[in-house]
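Undergrad: Would you mind keeping the following structure in view while I ask a few things?
Values in this text are rule-based calculations from the coordinates and carry no lab data. All values derive from a computational prediction rather than experimental measurement. Glycine gets a Cβ as well: all are built from the backbone with ideal geometry, and neighbour counts include every protein chain shown.
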Amino acid sequence: MDPQSIQFVPLGKVESMTLKDILKHHEKGVAYAHLLKDLALYPVIIDTYDNVLSFPPIINGTLTEVTPYTTDLFIDVTGINLKAVQIALNIVTTALAERGGTIYSTTILEENQKIVSPDLSPSNKPLSIEYVNKILGTKFDENQVKKTLEKMGYDVEEKEPGKLTVFIPAWRSDILHEIDLVEDVAIGYGYDTFKKTLPEVFTFGKQLPHQPLRDNLRTIMIGFGFNEVTTFTISNEKDEFEKLGMNKGKRVELLNPITEDYTSIRTSLLPSLLKILTENKHHHLPQQIFELGIVVNEEYKNNFHLGAVKNSAKAHFTECKSLVEGVMREIGISSYEIVEKMHPAFVQGRCASLKKEEKEIGYFGELHPNTILNFELEHPAIAFEIHVDTLQK
């Protein structure tokens, strides 16, 4: 449709808006407007009475808002990859069916072709009994493997001695290889029922050299009142650079990313932590979290970083400086200096670099309002990131 020719009341609003207005003024519209850049016509889903049901991939309308009293759902899944869309639809519909719902199909007409959706036809993979026993160290026969797989929700047929054909439910998108079926054989059989054997060689284990420092850092951050989080090491260019006001730097890119949210390996912990705050902004303040995790530097090597963010109405640079100094004091490092740093993600004059022997080992400061808004936050925030591996050199 022409973006100015149709209007509806989007979720979260009370006034009717055109498609163009939604991209300019609605929170979700502003965030995802780039997906429709340079398009003359915008996609909409309308019903028989020309009511707008959805403006994909931006926002739905209040007309179809789900409430505690909703009894019927029309599920639409939009995306740029048909296979991914079909898998998502199958998972959602079968999950609702498992909770007592009834699945109805829709017939889609596309270029004189009829597509019935959802398509819950099972796929199938061959499974070798010899391969199962090799991986699990067992002596299962065809009947035993068949029973364990049936316990896991599969239909199984024996085509020939030593070979099974396994029919995979439409919602099991995680079955990519024969080894995935072997894993389900082990689960169906029961991990506790496998015969346990002791190692033939008796050895003593000990911590790796770097582990005491990392454990100490976790204890220190928890003592400062921060909650530890674990985030994905896979990120994207927009979160890693654009939202922080930075030019795109060196990064490890994925060859075949599943979605545009996960296209490269992260170069910093800061974006991941800010995304956690975005997802939890409906909770009370202050919110203060930290992560001790791996990033990939410009030399394409793994490095451990300690990152922390605090979101609070009274968060300021001095508090962040005190936290960083507290961390350094508690791990016994006193020979370092603090110098002013220019970083686009932070307020100018309220960002500093942590240096040891003239080499930067971290940075900290008060986040710039643009950074805060780019991550849909509403209050001041402070952050720091320390290169943990450099502390032991």
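Undergrad: Sort Leu127, Leu255, Leu11 so the one with the fewest other Cβ atoms within 10 Å of its own Cβ comes first.
TA: Ranking Leu127, Leu255, Leu11 by Cβ neighbours within 10 Å, fewest first, gives Leu255, Leu11, Leu127.
Undergrad: Which of rounded, prolate or oblate describes the stretch 211-392 when judged by the alpha-carbon gyration tensor and an a/c cut-off of 1.5?
TA: Numbers: a/c = 1.40, a/b = 1.15, b/c = 1.22.
The shape class here is rounded.
Undergrad: Hey, another quick one. Hey, what's the Cα Rg ratio for the stretch 292-356 versus the globular rule of thumb, 2.2 N^0.38 Å? It would help to have the intermediate numbers written out before the result.
TA: Working: Rg = 13.4 Å, N = 65, 2.2 N^0.38 = 10.7 Å.
Normalised Rg, Cα atoms only: 1.25.
Undergrad: Separate question: Take the stretch 311-393, compute every pairwise Cα distance, and split them into 10 Å bins from 0; I just need the percent in each bin.
TA: Pairs per bin, as whole percents: 18, 49, 26, 7.
Undergrad: Using the Kirkwood radius over C-alpha pairs as Rh, can you work out the diffusion coefficient of the stretch 1-84 via Stokes-Einstein at 10 °C, viscosity 1.306 mPa s, in µm² per second?
TA: Once the numbers are plugged in, D ends up at 117 µm²/s.
Undergrad: Next question. Among Ser272, Ser54, Val145, which residue has its Cα positioned farthest towards the positive end of the charge dipole of the chain, with +1 placed on the Cβ of Lys and Arg, -1 on the Cβ of Asp and Glu, and the dipole taken about the Cα centre?
TA: Value computed over the given set: Ser272.
Undergrad: Build a GNM of the chain with springs between Cα atoms under 10 Å: which of Glu279, Glu110, Glu291 gets the top mean-square fluctuation?
TA: Glu110
Undergrad: Please list, ordered by chain and number, the residues whose modelled amide H lies under 5 Å from the amide H of Met17; skip anything fewer than 5 residues away on the same chain.
TA: HN-HN under 5 Å from Met17: Phe8, Val9.
Undergrad: Two decimals, Cα atoms only, Kirkwood Rh: what is Rg/Rh over the stretch 191-253?
TA: 1.21
Undergrad: Run the Debye formula on the Cα coordinates of the stretch 141-255, all scatterers equal and no solvent, and tell me log10 I(q)/I(0) at q = 0.15 1/Å.
TA: -0.94
Undergrad: Another question about this same structure. Name the most mobile residue of Ser335, Ser235, Ser264, meaning the one with the largest mean-square fluctuation, in a Gaussian network model of the chain with Cα contacts below 10 Å.
TA: Ser335
Undergrad: Please compute the contact order of the chain in relative form: average sequence separation of alpha-carbon pairs under 8 Å and at least six residues apart, divided by the residue count, as a percent. Don't skip to the answer; put the middle values down first.
TA: Details: 588 pairs, mean separation 34.5, N = 393.
Relative contact order for the chain comes out at 9 percent.
Undergrad: Taking the beta-carbon count within 10 Å as an exposure proxy, list Leu109, Leu244, Leu354 from fewest neighbours to most.
TA: On the way: Leu109 8, Leu244 22, Leu354 26.
The order, fewest Cβ neighbours first, is Leu109, Leu244, Leu354.
Undergrad: Fewest first, what order do Arg329, Arg172 take by the number of other Cβ atoms within 10 Å? All intermediate terms of the calculation are to be shown ahead of the outcome.
TA: Details: Arg329 11, Arg172 20.
Ordered by Cβ neighbours within 10 Å, fewest first: Arg329, Arg172.
Undergrad: Just need the Rg to Rh number for the stretch 56-149, please, alpha carbons only, Kirkwood Rh. Could the numbers behind the result be given before it?
TA: Values: Rg = 19.8 Å, Rh = 17.3 Å.
Radius of gyration relative to Kirkwood radius: 1.15.
Undergrad: Under 5 Å between amide hydrogens, which residues at least 5 positions from Ser235 or on another chain qualify, with H placed 1.01 Å from N in the peptide plane?
TA: Residues meeting the criterion, in which the H sits 1.01 Å from N, are Thr263, Ser264, Ile265, Arg266.
Undergrad: With θ set to phi - 60°, apply the Karplus curve 6.51 cos²θ - 1.76 cosθ + 1.60 along the stretch 213-228 and write out the HN-Hα couplings as whole Hz, x wherever there is a Gly or Pro.
TA: Computed from phi, the couplings for the stretch 213-228 are 4, 5, 4, 5, 4, 4, 4, 4, 5, 5, x, 7, x, 8, 9, 7 Hz.
Undergrad: In debye to the nearest 20, how big a dipole does the stretch 7-117 give about its Cα centre with +1 on each Lys and Arg Cβ and -1 on each Asp and Glu Cβ? All intermediate terms of the calculation are to be shown ahead of the outcome.
TA: Values: 8 positive and 12 negative charges, 57 e Å.
Charge dipole of the stretch 7-117: 280 debye, to the nearest 20.
Undergrad: Let me ask you something else. In whole angstrom, how long is each semi-axis of the equivalent ellipsoid of the stretch 206-315, when you take the square root of 5 times every eigenvalue of its Cα gyration tensor and sort them from largest down? Don't skip to the answer; put the middle values down first.
TA: Numbers: eigenvalues 117, 87, 25 Å².
Ellipsoid half-lengths, sorted descending, are 24, 21, 11 Å.
Undergrad: Could you give the dipole magnitude of the chain about its Cα centre, charging the beta-carbon of Lys and Arg +1 and that of Asp and Glu -1, in debye to the nearest 20?
TA: Details: 41 positive and 55 negative charges, 226 e Å.
For the chain, the charge dipole is close to 1080 debye.
Undergrad: Here's something else I'd like to know. Based on DSSP H runs of at least 4 residues, each adding -39500 (n - 2.57), what is the mean residue ellipticity at 222 nm of the chain after dividing by all its residues, to the nearest 500 deg cm²/dmol? Don't skip to the answer; put the middle values down first.
TA: Working: 11 runs with 107 residues, N = 393.
Dividing the helical sum by the residues of the chain leaves -8000 deg cm²/dmol.
Undergrad: The chain: D in µm²/s via Stokes-Einstein (Kirkwood Rh, Cα pairs, 4 °C, 1.567 mPa s)?
TA: Details: Rh = 25.8 Å.
My calculation gives 50 µm²/s for D.
Undergrad: Next up: Mind pulling the per residue volume of the convex hull built on the Cα atoms of the stretch 81-207? Å³ is fine. If you can, show how the numbers build up before the last one.
TA: Working: hull volume 23.0 nm³, N = 127.
About 181 Å³ per residue, rounded to a whole number.
Undergrad: Which value, in debye to the nearest 20, describes the size of the charge dipole of the stretch 123-193 about its Cα centre when Lys and Arg Cβ atoms bear +1, Asp and Glu Cβ atoms bear -1, and nothing else is charged? Could the numbers behind the result be given before it?
TA: Working: 9 positive and 14 negative charges, 9 e Å.
My answer is approximately 40 debye.
Undergrad: Once each part is reduced to its C-alpha centroid, what is the distance from the stretch 114-130 to the stretch 280-294 in angstrom?
TA: Centre-to-centre (Cα) distance: 42 Å.
Undergrad: How large is ³J(HN,Hα) for each residue in the stretch 277-292, as worked out from phi by the Karplus curve 6.51 cos²θ - 1.76 cosθ + 1.60 (θ = phi - 60°), to whole Hz, x for Gly and Pro?
TA: Each residue's phi maps through the Karplus curve to give 5, 4, 5, 10, 5, 7, 8, 5, 9, x, 10, 9, 10, 9, 9, 10 Hz.
Undergrad: How compact is the stretch 123-193 by the rule of thumb for globular proteins, expressed as Cα Rg over 2.2 N^0.38 Å? Please list the in-between numbers first.
TA: Numbers: Rg = 10.9 Å, N = 71, 2.2 N^0.38 = 11.1 Å.
Cα-based Rg divided by the globular estimate yields 0.98.
Undergrad: How large is ³J(HN,Hα), in whole Hz, for each residue of the stretch 379-384 in order, when computed from phi with the Karplus curve 6.51 cos²θ - 1.76 cosθ + 1.60 and θ = phi - 60°, using x for Gly and Pro?
TA: With the stated coefficients, the stretch 379-384 comes to 9, x, 9, 10, 7, 8 Hz.
Undergrad: Now a separate question. When the Cα centres of the stretch 356-380 and the stretch 189-245 are compared, how far apart do they sit, in Å?
TA: Between the Cα centre of the stretch 356-380 and that of the stretch 189-245, the gap is 25 Å.
Undergrad: Name the long-range amide H neighbours of Gly362: under 5 Å, sequence gap of 5 or more, or other chain; modelled H, no Pro or chain starts.
TA: Here the answer is Leu354, His387, since their amide H atoms fall under 5 Å of that of Gly362.
Undergrad: Just to be sure I understand: with springs between alpha-carbon atoms less than 10 Å apart, which residue in Thr165, Thr62, Thr71 has the highest mean-square fluctuation in the Gaussian network model of the chain?
TA: Judging by the Gaussian network model, the answer is Thr71.
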